[in-house]
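Worksheet: the structure to be examined is printed underneath.
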Ligand code: 2HG
Ligand code: ZN
């Protein structure tokens, strides 16, 4: 390893001075994660504008023996995108390639740095749509979403990010550029690089561009909020709606703690009975108006439940705001302990009660806020004021989730937050296999060290 004093100059020769940030004030927004929980110092932040610049940056870092953290919109929640140990932060936000939409293939090629909202708007201009959507859409980048295999609210219909990535271009730890952006849906030519890199959290390569599958842009939506007596009732309703609603697009969950908090935060009254035991936000989308379909299904399958149905764009936006603003509302109060888990639906209600019990026992003064994506049994367990109990809460909740057949991360990734738990979830043999892949692609462990694999 050589002294790295010359590294900023070498990086500036690749990307120009203005995109090599050494000043602590300029670096700071890249050094702390969105929640304020994860923070570290970056040696330097570099912002390449295209794939060959990324490649040259990676080669320069390798030359100086310096590790790299790739960062997109810095909306990650598990500490996977911020520095820990004076790494170089490679910000991908200037990778803004945006090809014309390929309507025949229903695909588009975009740079890793475009936000989800930008890709959505670009696709819609051609009558198509991005399948993945979540609240951080205006900042989260496509590269980051692919790297974490992000999910969001429409997974019930279209799957997670992995299912959208038809082609990928990436830079390996040695600076080589690999992948294909042809996006052919049929290709049996060995291991599928898009699948390998989706969910690899920046540990195997830096994703620079993706070829995305697009879906139809459904102009007509119908949105309803339903208050149910319990989470168990919500799961039962979900089972019925899957059959009754051919245009079902999302089924989201707010437990009462989340509804109370977000109503307080937005200054809105709860649109349905505030004393409900679970709130479900349902959206259908289609080429023709799915409103009748939704109203009929709810009157048949949830006749006694309080229901608020959006009648225009404003009321729809107000309902969606309730779900979209929970994360912001939580952070407004403090820095939470976040556990993003998924539990088989048959176990979800009982397990959620047990999780509530664990937190009440370990941190009686904590404030627990549960919400998530009902359709996938994906619960976002947020604990405010966990204090010293954070470690014990993490241990007990994740252990319970694994015992119930669930996963310790559904869509946020493992990051640094859960890397020590990976072996409990995957077992020693699988972690060893993952380690061998990492070793083969990144033998010096320079790409996002400490993330995913402990
Ligand atoms: C969401 O579903 C995001 O809104 C964030 O995944 C979840 O804040 C969280 O825990
Ligand atoms: Zn989520």
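Selection of region 249-259 for residues being in a strand (DSSP E or B) and in contact with a helix residue (DSSP H, G or I) (Cβ under 6 Å, 6 or more places away or on another chain) yields 249, 251, 252, 253. Could you check region 260-269 and list, in sequence order, the residues that are in a loop (DSSP other than H, G, I, E, B) and touching a residue at least 24 places away in the same chain (Cβ under 8 Å)? Result: 268, single match. What about residue 359, is it within 14 Å of ligand 1 (Cβ to nearest atom) and in a helix (DSSP H, G or I)? Here the answer is no, as residue 359 does not meet what is asked.
With a requirement of 1 or more residues that are farther than 26 Å from residue 99 by Cα and in contact with a strand residue (DSSP E or B) (Cβ under 8 Å, 6 or more places away or on another chain), the strands (runs of 3 or more DSSP E) lying completely within region 130-248 that satisfy it span 220-228. Among the residues making up region 399-408, those that are touching a strand residue (DSSP E or B) at 6+ places or on another chain (Cβ under 6 Å) and either surrounded by 24 or more Cβ atoms within 10 Å (Cβ to Cβ) or closer than 13 Å to residue 352 by Cα (or both) are 401, 406. In this structure, residue 225 qualifies as modelled with pLDDT of 95 or more, under 17 Å from residue 302 (Cβ atoms), buried (at least 24 other Cβ atoms within 10 Å of the Cβ) and assigned by TED's automatic domain parsing to the domain that holds residue 293. Restricting the search to strands (runs of 3 or more DSSP E) fully inside region 25-126 and requiring at least 1 residues that are in contact (Cβ under 8 Å) with a residue 12 or more places away in the chain and under 17 Å from the mean Cα position of the chain (by Cα) gives 68-71. Please count how many residues of region 367-405 are within 15 Å of ligand 2 (Cβ to nearest atom), touching a residue at least 60 places away in the same chain (Cβ under 8 Å) and not in a strand (DSSP E or B). Of the residues in that region, 3 qualify.
Here is the figure for region 326-352: residues that are surrounded by 16 or more Cβ atoms within 10 Å (Cβ to Cβ) and closer than 16 Å to residue 134 by Cα total 4.
Check whether at least one residue in region 237-248 is closer than 15 Å to residue 380 by Cβ and in contact with a helix residue (DSSP H, G or I) (Cβ under 9 Å, 6 or more places away or on another chain), and report yes or no. No.
The values are calculated or read from the model by the stated rules, or taken from the named source; none is laboratory data. Everything numeric here is computed off the predicted structure, so don't read it as measured data. Positions of Cβ are generated from backbone atoms using ideal geometry, with glycine treated the same way; all protein chains shown enter the neighbour counts.
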